[in-house]
Amino acid sequence: MIRQIIPDNLKVNIHILKNSFIDFFNGHSFSYAKKRVHNELPINAFSITQDLKSNEFKKQNIIIAKSYIEPITILPGEIFSFWKAVGKPAKERGFVESRSLINGKTIESLGGGLCQLSGLIYLTSLHCGLEILERYNHSVDIYDETTRYMPLGGDATVAYGYKDLKVRNNLKHPIRFKINVEKSTVTVTVLHSNKIDINQVDFIIKKQNSEFKVVNTMINNNKLVTSTYKNCHA
């Protein structure tokens, strides 16, 4: 009952404060990457491209997020946080409403569509061997094999103040994410100044029935994480 009468903005601020305490106790508070110039980047790059399958509103949100993410260089040991980079998806910052999957339902929300971008950053990070500190899968699988643009298990949902994507640069040199948005595709590239070994990443459905699917994320044939999805009709 109390939760129902608390304004949404206050709920978000409470969660942000809670997350700040968690960052402090985990020793992350002063480890977040920031905007800086490194002229030696890029020398090498690893990219993943996906069909955008978007409307113009989703594309606008991704382009705005791109403008905040690309200037950030992540030094060795530093952490990339999707929301610390992008900031609040507010109307006054140019973000618009587009489709989002929230609590198992598709609704229109400010910053809708950014989950495809966070998912691509997650996927490229897995391939490049970066350390995943925080990631959430969607609760419901709303796609089938004809409409799916992200491999099941390769998603990383983000919700401002609640769910973030956090990646630590555990390499020995700086990296940066570059984002290219075309008419019908979006590409995320990890720029790095030294050669790195690219991981084999597989998503294996270990169990499924009429109600849910369970997917193992495998890195070089070793299980990293398990994601569980309800089926859309369940």
How many residues of segment 109-125 are outside any helix (DSSP H, G or I) and either open to solvent by less than 20 Å² (accessible area, probe 1.4 Å) or among the polar types (S, T, N, Q) (or both)? The answer is 4
Selection from segment 150-193 of residues that are of a type in the set (Asp, Glu) and either without any contact (Cβ under 8 Å) to a residue 40 or more places away in the chain or surrounded by 17 or more Cβ atoms within 10 Å (Cβ to Cβ) (or both):
ASP155, ASP164
Would you mind telling me which numbered condition in (1) surrounded by fewer than 19 Cβ atoms within 10 Å (Cβ to Cβ); (2) of a type in the set (A, V, I, L, M, F, W, C); (3) closer than 28 Å to SER29 by Cα; (4) under 19 Å from the mean Cα position of the chain (by Cα) ILE196 fails?
(4)
Qualifying residues in segment 209-224 (those that are open to solvent by 50 Å² or more (accessible area, probe 1.4 Å) and touching a residue at least 12 places away in the same chain (Cβ under 8 Å)) - the one farthest from THR73 (Cα to Cα)
SER210
Give the residues of segment 126-147 that are surrounded by 16 or more Cβ atoms within 10 Å (Cβ to Cβ), at pLDDT below 95 and either touching a His at 6+ places or on another chain (Cβ under 8 Å) or of a type in the set (D, E, K, R) (or both), sorted by residue number.
ASP141
Which ones in segment 191-234 are under 18 Å from VAL140 (Cβ atoms), in a loop (DSSP other than H, G, I, E, B) and aliphatic (A, V, I, L, M)?
ALA234
Sort out which residues of segment 1-47 are exposed (fewer than 12 other Cβ atoms within 10 Å of the Cβ), among the aromatic types (Phe, Trp, Tyr) and either in contact with a helix residue (DSSP H, G or I) (Cβ under 8 Å, 6 or more places away or on another chain) or at pLDDT 85 or above (or both), and write them in order of number.
PHE30
So which residues in segment 192-234 are aliphatic (A, V, I, L, M) and at pLDDT below 90, if there are any at all?
ILE196, ALA234
Residues of segment 45-70 satisfying the condition of being part of a helix (DSSP H, G or I) and not charged (D, E, K, R):
PHE57, GLN60, ASN61, ILE62, ILE63, ILE64, ALA65, SER67, TYR68, ILE69
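The values are calculated or read from the model by the stated rules, or taken from the named source; none is laboratory data. Fair warning: this is a prediction, and the values are worked out from it, not measured in the lab. With ideal geometry, Cβ positions are generated from the backbone for all residues, glycine too; neighbour counts draw on all protein chains shown. Note: areas computed on protein heavy atoms with side chains; ligands, DNA, RNA excluded. Shrake-Rupley method; radii C 1.70, N 1.55, O 1.52, S 1.80 Å.
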